[in-house]
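If you scroll down you'll find the structure; I have some questions about it.
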2 protein chains.
Amino acid sequence: MARIQLKPVHFKAQAQVFKALGHPGRLLIVDELSRGERCVCDLAALVGSEMPTVSRHLSILKNAGIVDDDKRGTQVFYRLMTPCVMNFFKCVSAVRNREGA
Amino acid sequence: MARIQLKPVHFKAQAQVFKALGHPGRLLIVDELSRGERCVCDLAALVGSEMPTVSRHLSILKNAGIVDDDKRGTQVFYRLMTPCVMNFFKCVSAVRNREGA
DNA sequence: TTGACATTTCGCGAAATAGCTAATAAGCGT
DNA sequence: ACGCTTATTAGCTATTTCGCGAAATGTCAA
(Lines give C-alpha, C1' and ligand atoms only; values in the text may rest on other atoms or scores of the structure.)
Protein backbone atom coordinates (compact mmCIF):
# COMPACT_ATOMS: atom_id res chain seq x y z
CA MET A 1 0.00 0.00 0.00
CA ALA A 2 1.74 3.12 -1.21
CA ARG A 3 1.89 5.76 1.48
CA ILE A 4 0.74 9.15 0.36
CA GLN A 5 3.40 11.51 1.56
CA LEU A 6 2.88 15.18 0.90
CA LYS A 7 5.70 17.63 0.62
CA PRO A 8 4.96 20.73 2.68
CA VAL A 9 6.22 22.92 -0.12
CA HIS A 10 3.30 21.78 -2.23
CA PHE A 11 0.57 22.45 0.29
CA LYS A 12 0.00 25.93 -1.01
CA ALA A 13 -0.38 24.77 -4.59
CA GLN A 14 -2.66 21.94 -3.53
CA ALA A 15 -4.74 24.29 -1.42
CA GLN A 16 -5.26 26.42 -4.50
CA VAL A 17 -6.97 23.51 -6.23
CA PHE A 18 -9.28 22.90 -3.29
CA LYS A 19 -9.96 26.60 -2.96
CA ALA A 20 -10.93 26.73 -6.62
CA LEU A 21 -13.48 23.99 -5.96
CA GLY A 22 -14.71 25.63 -2.76
CA HIS A 23 -17.48 27.66 -4.36
CA PRO A 24 -20.99 26.45 -5.22
CA GLY A 25 -21.03 28.14 -8.61
CA ARG A 26 -17.67 26.73 -9.63
CA LEU A 27 -18.74 23.29 -8.45
CA LEU A 28 -21.80 23.60 -10.65
CA ILE A 29 -19.58 24.55 -13.57
CA VAL A 30 -17.24 21.59 -13.04
CA ASP A 31 -20.21 19.26 -12.80
CA GLU A 32 -21.59 20.60 -16.05
CA LEU A 33 -18.23 20.36 -17.79
CA SER A 34 -18.01 16.70 -16.79
CA ARG A 35 -20.71 16.15 -19.39
CA GLY A 36 -18.80 17.89 -22.16
CA GLU A 37 -17.30 21.22 -23.16
CA ARG A 38 -19.37 24.38 -22.83
CA CYS A 39 -18.97 28.01 -23.89
CA VAL A 40 -18.92 30.81 -21.32
CA CYS A 41 -22.39 31.99 -22.26
CA ASP A 42 -23.83 28.52 -21.62
CA LEU A 43 -22.21 28.41 -18.22
CA ALA A 44 -23.36 31.93 -17.39
CA ALA A 45 -26.93 30.90 -18.09
CA LEU A 46 -26.44 27.76 -16.03
CA VAL A 47 -25.20 29.42 -12.85
CA GLY A 48 -27.38 32.50 -13.30
CA SER A 49 -24.64 35.09 -12.83
CA GLU A 50 -23.34 37.82 -15.08
CA MET A 51 -20.80 36.80 -17.68
CA PRO A 52 -17.91 38.74 -16.11
CA THR A 53 -18.51 36.87 -12.89
CA VAL A 54 -18.53 33.48 -14.60
CA SER A 55 -15.48 34.42 -16.65
CA ARG A 56 -13.67 35.12 -13.41
CA HIS A 57 -14.74 31.78 -11.95
CA LEU A 58 -13.43 30.06 -15.05
CA SER A 59 -10.09 31.84 -14.83
CA ILE A 60 -9.79 30.64 -11.25
CA LEU A 61 -10.52 27.06 -12.30
CA LYS A 62 -8.11 27.34 -15.20
CA ASN A 63 -5.41 28.83 -13.01
CA ALA A 64 -5.79 25.86 -10.67
CA GLY A 65 -5.33 23.50 -13.60
CA ILE A 66 -8.82 22.06 -13.35
CA VAL A 67 -10.13 23.26 -16.71
CA ASP A 68 -8.66 24.47 -19.97
CA ASP A 69 -10.09 26.69 -22.66
CA ASP A 70 -10.25 26.55 -26.41
CA LYS A 71 -11.06 29.69 -28.38
CA ARG A 72 -13.05 29.05 -31.51
CA GLY A 73 -14.20 32.13 -33.32
CA THR A 74 -15.79 34.58 -30.96
CA GLN A 75 -16.56 32.05 -28.30
CA VAL A 76 -14.40 30.27 -25.79
CA PHE A 77 -15.12 26.67 -24.85
CA TYR A 78 -14.05 25.26 -21.53
CA ARG A 79 -13.46 21.62 -20.74
CA LEU A 80 -12.55 19.58 -17.69
CA MET A 81 -8.87 18.72 -17.64
CA THR A 82 -8.74 16.11 -14.90
CA PRO A 83 -11.72 13.76 -14.75
CA CYS A 84 -10.51 12.42 -11.42
CA VAL A 85 -11.83 15.63 -9.89
CA MET A 86 -15.27 14.13 -10.27
CA ASN A 87 -14.29 11.33 -7.90
CA PHE A 88 -14.03 13.96 -5.21
CA PHE A 89 -17.75 14.34 -5.22
CA LYS A 90 -18.36 10.76 -4.18
CA CYS A 91 -16.09 11.15 -1.20
CA VAL A 92 -17.46 14.56 -0.33
CA SER A 93 -20.95 13.14 -0.37
CA ALA A 94 -19.76 10.48 2.04
CA VAL A 95 -18.39 13.21 4.24
CA ARG A 96 -21.67 15.05 4.25
CA ASN A 97 -23.89 12.03 4.72
CA ARG A 98 -21.96 10.92 7.76
CA GLU A 99 -23.66 13.76 9.66
CA GLY A 100 -27.27 13.83 8.56
CA ALA A 101 -26.73 17.37 7.17
CA MET B 1 -20.03 3.35 -15.85
CA ALA B 2 -22.06 5.01 -13.12
CA ARG B 3 -22.78 8.60 -13.90
CA ILE B 4 -22.09 10.98 -11.09
CA GLN B 5 -25.10 13.24 -10.94
CA LEU B 6 -24.98 16.08 -8.43
CA LYS B 7 -28.04 17.70 -6.98
CA PRO B 8 -27.71 21.50 -7.15
CA VAL B 9 -29.11 21.77 -3.66
CA HIS B 10 -26.02 20.07 -2.33
CA PHE B 11 -23.45 22.24 -4.06
CA LYS B 12 -23.23 24.61 -1.16
CA ALA B 13 -22.60 21.84 1.34
CA GLN B 14 -20.07 20.22 -0.96
CA ALA B 15 -18.33 23.52 -1.52
CA GLN B 16 -17.97 23.84 2.23
CA VAL B 17 -15.89 20.65 2.29
CA PHE B 18 -13.61 21.89 -0.47
CA LYS B 19 -13.35 25.30 1.13
CA ALA B 20 -12.29 23.66 4.38
CA LEU B 21 -9.47 21.92 2.51
CA GLY B 22 -8.53 25.09 0.62
CA HIS B 23 -5.93 26.29 3.11
CA PRO B 24 -2.30 25.18 3.35
CA GLY B 25 -2.35 24.91 7.13
CA ARG B 26 -5.51 22.82 7.19
CA LEU B 27 -4.12 20.60 4.45
CA LEU B 28 -1.04 20.07 6.59
CA ILE B 29 -3.29 19.15 9.51
CA VAL B 30 -5.30 16.66 7.47
CA ASP B 31 -2.11 15.11 6.16
CA GLU B 32 -0.78 14.73 9.68
CA LEU B 33 -4.06 13.27 10.96
CA SER B 34 -3.91 10.65 8.22
CA ARG B 35 -1.09 9.14 10.26
CA GLY B 36 -3.09 9.00 13.47
CA GLU B 37 -4.90 11.17 15.98
CA ARG B 38 -3.19 14.25 17.36
CA CYS B 39 -3.92 16.74 20.11
CA VAL B 40 -4.34 20.45 19.35
CA CYS B 41 -0.99 21.33 20.86
CA ASP B 42 0.80 18.87 18.58
CA LEU B 43 -0.91 20.34 15.56
CA ALA B 44 -0.19 23.90 16.67
CA ALA B 45 3.50 23.04 16.86
CA LEU B 46 3.27 21.39 13.45
CA VAL B 47 1.77 24.30 11.57
CA GLY B 48 3.62 26.92 13.59
CA SER B 49 0.62 29.08 14.46
CA GLU B 50 -0.91 30.09 17.76
CA MET B 51 -3.22 27.58 19.37
CA PRO B 52 -6.38 29.69 18.95
CA THR B 53 -5.66 29.87 15.24
CA VAL B 54 -5.23 26.12 14.95
CA SER B 55 -8.29 25.52 17.10
CA ARG B 56 -10.28 27.61 14.65
CA HIS B 57 -8.92 25.64 11.70
CA LEU B 58 -9.91 22.42 13.43
CA SER B 59 -13.43 23.69 14.06
CA ILE B 60 -13.73 24.49 10.36
CA LEU B 61 -12.58 20.98 9.43
CA LYS B 62 -14.94 19.48 12.01
CA ASN B 63 -17.83 21.60 10.81
CA ALA B 64 -17.21 20.29 7.29
CA GLY B 65 -17.33 16.72 8.59
CA ILE B 66 -13.71 16.00 7.75
CA VAL B 67 -12.45 15.45 11.29
CA ASP B 68 -13.92 14.68 14.68
CA ASP B 69 -12.62 15.36 18.17
CA ASP B 70 -12.31 13.35 21.35
CA LYS B 71 -11.71 15.09 24.65
CA ARG B 72 -9.53 13.14 27.07
CA GLY B 73 -8.58 14.97 30.22
CA THR B 74 -7.29 18.40 29.48
CA GLN B 75 -6.45 17.69 25.89
CA VAL B 76 -8.55 17.24 22.78
CA PHE B 77 -7.55 14.73 20.17
CA TYR B 78 -8.60 15.11 16.56
CA ARG B 79 -8.84 12.34 14.02
CA LEU B 80 -9.62 12.06 10.31
CA MET B 81 -13.20 10.98 9.71
CA THR B 82 -13.12 10.12 6.03
CA PRO B 83 -9.92 8.51 4.79
CA CYS B 84 -11.06 8.93 1.20
CA VAL B 85 -10.13 12.58 1.56
CA MET B 86 -6.54 11.47 1.22
CA ASN B 87 -7.28 10.18 -2.26
CA PHE B 88 -7.89 13.78 -3.24
CA PHE B 89 -4.22 14.48 -2.96
CA LYS B 90 -3.29 12.00 -5.66
CA CYS B 91 -5.67 13.64 -8.10
CA VAL B 92 -4.70 17.13 -7.05
CA SER B 93 -1.07 16.25 -7.64
CA ALA B 94 -2.05 15.09 -11.11
CA VAL B 95 -3.78 18.42 -11.64
CA ARG B 96 -0.69 20.33 -10.61
CA ASN B 97 1.81 18.20 -12.49
CA ARG B 98 -0.06 18.64 -15.71
CA GLU B 99 1.28 22.19 -15.83
CA GLY B 100 4.89 22.09 -14.73
CA ALA B 101 4.00 24.22 -11.68
C1' DT C 1 -13.99 50.40 -41.21
C1' DT C 2 -18.17 49.84 -38.90
C1' DG C 3 -21.23 47.04 -36.20
C1' DA C 4 -22.60 43.16 -33.57
C1' DC C 5 -21.38 39.67 -30.57
C1' DA C 6 -18.52 36.92 -27.00
C1' DT C 7 -15.29 37.31 -23.60
C1' DT C 8 -12.04 39.36 -20.50
C1' DT C 9 -10.17 43.03 -17.59
C1' DC C 10 -10.90 46.84 -14.44
C1' DG C 11 -12.64 49.31 -10.41
C1' DC C 12 -15.63 49.47 -6.90
C1' DG C 13 -18.12 48.34 -2.39
C1' DA C 14 -19.77 44.46 0.44
C1' DA C 15 -18.87 40.28 2.60
C1' DA C 16 -16.01 36.50 4.13
C1' DT C 17 -11.51 34.77 5.89
C1' DA C 18 -7.10 34.70 8.63
C1' DG C 19 -4.44 35.50 12.47
C1' DC C 20 -3.35 37.78 16.50
C1' DT C 21 -4.15 38.90 21.73
C1' DA C 22 -7.17 38.81 25.63
C1' DA C 23 -10.57 36.56 27.97
C1' DT C 24 -13.13 32.42 29.26
C1' DA C 25 -13.89 27.42 30.22
C1' DA C 26 -12.63 23.04 31.84
C1' DG C 27 -9.59 19.18 33.80
C1' DC C 28 -6.00 17.73 36.95
C1' DG C 29 -2.91 17.73 40.97
C1' DT C 30 -2.00 19.53 45.32
C1' DA D 1 -9.88 26.39 46.60
C1' DC D 2 -5.63 27.34 44.03
C1' DG D 3 -2.52 27.23 40.34
C1' DC D 4 -1.15 25.10 36.09
C1' DT D 5 -2.13 23.29 31.63
C1' DT D 6 -5.04 22.73 27.46
C1' DA D 7 -8.40 24.36 24.52
C1' DT D 8 -12.15 27.39 22.83
C1' DT D 9 -14.43 31.83 22.18
C1' DA D 10 -14.53 36.85 21.57
C1' DG D 11 -12.91 41.10 19.68
C1' DC D 12 -10.17 43.35 16.62
C1' DT D 13 -7.65 44.50 12.18
C1' DA D 14 -5.64 43.24 7.71
C1' DT D 15 -6.26 40.74 3.68
C1' DT D 16 -8.83 38.25 0.33
C1' DT D 17 -12.87 37.01 -2.22
C1' DC D 18 -17.34 37.99 -4.55
C1' DG D 19 -20.33 39.98 -7.80
C1' DC D 20 -21.74 43.75 -10.18
C1' DG D 21 -21.44 47.43 -14.11
C1' DA D 22 -18.30 49.86 -17.19
C1' DA D 23 -14.76 49.62 -20.26
C1' DA D 24 -11.43 47.17 -23.15
C1' DT D 25 -10.20 43.23 -26.25
C1' DG D 26 -10.95 40.22 -30.01
C1' DT D 27 -13.48 38.00 -33.88
C1' DC D 28 -16.31 37.80 -37.68
C1' DA D 29 -19.30 39.67 -41.39
C1' DA D 30 -20.80 43.11 -44.27
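The values are calculated or read from the model by the stated rules, or taken from the named source; none is laboratory data. Since this is a predicted model, take the numbers as computed values, not measurements. Using ideal geometry, Cβ is built from the backbone for each residue, glycine included, and neighbour counts are taken over all protein chains shown. Heads up: the accessible areas ignore ligands, DNA and RNA and are worked out on the full protein's heavy atoms, side chains in. Shrake-Rupley method; radii C 1.70, N 1.55, O 1.52, S 1.80 Å.
Taking the condition of being within 12 Å of the chain's Cα centre (by Cα) and open to solvent by less than 30 Å² (accessible area, probe 1.4 Å), how many residues in the stretch B:81-95 meet it?
Here the count works out to 5.
Please work out if B:G65 is facing chain A (nearest Cβ under 8 Å) and at positive phi.
Yes, satisfied.
Given the criteria basic (K, R) and under 19 Å from A:K12 (Cα atoms), does B:R26 qualify?
yes
Let me ask something else about it. In the stretch B:68-88, what residues are touching a residue at least 24 places away in the same chain (Cβ under 8 Å), at the interface with chain A (Cβ under 10 Å from one of its Cβ atoms) and in contact with a helix residue (DSSP H, G or I) (Cβ under 7 Å, 6 or more places away or on another chain)?
Hits for the stretch B:68-88 are B:V85, B:F88.
State all residues of the stretch A:60-74 that are surrounded by fewer than 13 Cβ atoms within 10 Å (Cβ to Cβ) and more than 9 Å from DNA strand D (Cβ to nearest atom); if no residue qualifies, say none.
The answer is A:D70, and nothing else.
It is to be established whether one or more residues within the stretch B:23-39 are away from chain A (no Cβ under 12 Å) and within 9 Å of DNA strand D (Cβ to nearest atom).
Within the stretch B:23-39, one or more residues are away from chain A (no Cβ under 12 Å) and within 9 Å of DNA strand D (Cβ to nearest atom).
Hey, can you tell me all the residues within the stretch A:40-59 that are more than 9 Å from DNA strand D (Cβ to nearest atom) and at positive phi?
Within the stretch A:40-59, none qualify.
So how many residues does the stretch B:13-59 have that are within 11 Å of DNA strand C (Cβ to nearest atom) and open to solvent by 20 Å² or more (accessible area, probe 1.4 Å)?
17
Ok, one more. Go through the stretch B:33-53 and give me each residue that's farther than 20 Å from B:M86 by Cβ and not acidic (D, E).
Listed by number, the residues that qualify are B:C39, B:V40, B:C41, B:A44, B:A45, B:G48, B:S49, B:M51, B:P52, B:T53.
Within the set of pairs 6+ apart or on separate chains, which have a first residue in the stretch A:10-23 that is touching a residue at least 24 places away in the same chain (Cβ under 8 Å), a second that is within 13 Å of DNA strand D (Cβ to nearest atom) and part of a helix (DSSP H, G or I), and C-beta atoms under 6 Å apart?
Hits for this filter: A:A20/A:I60; A:A20/A:L61; A:L21/B:F18; A:H23/B:A15.
What's the number of the condition B:Y78 fails, among (1) open to solvent by 30 Å² or more (accessible area, probe 1.4 Å); (2) outside any helix (DSSP H, G or I); (3) not small (G, A, S)?
Every condition holds for B:Y78 apart from (1).
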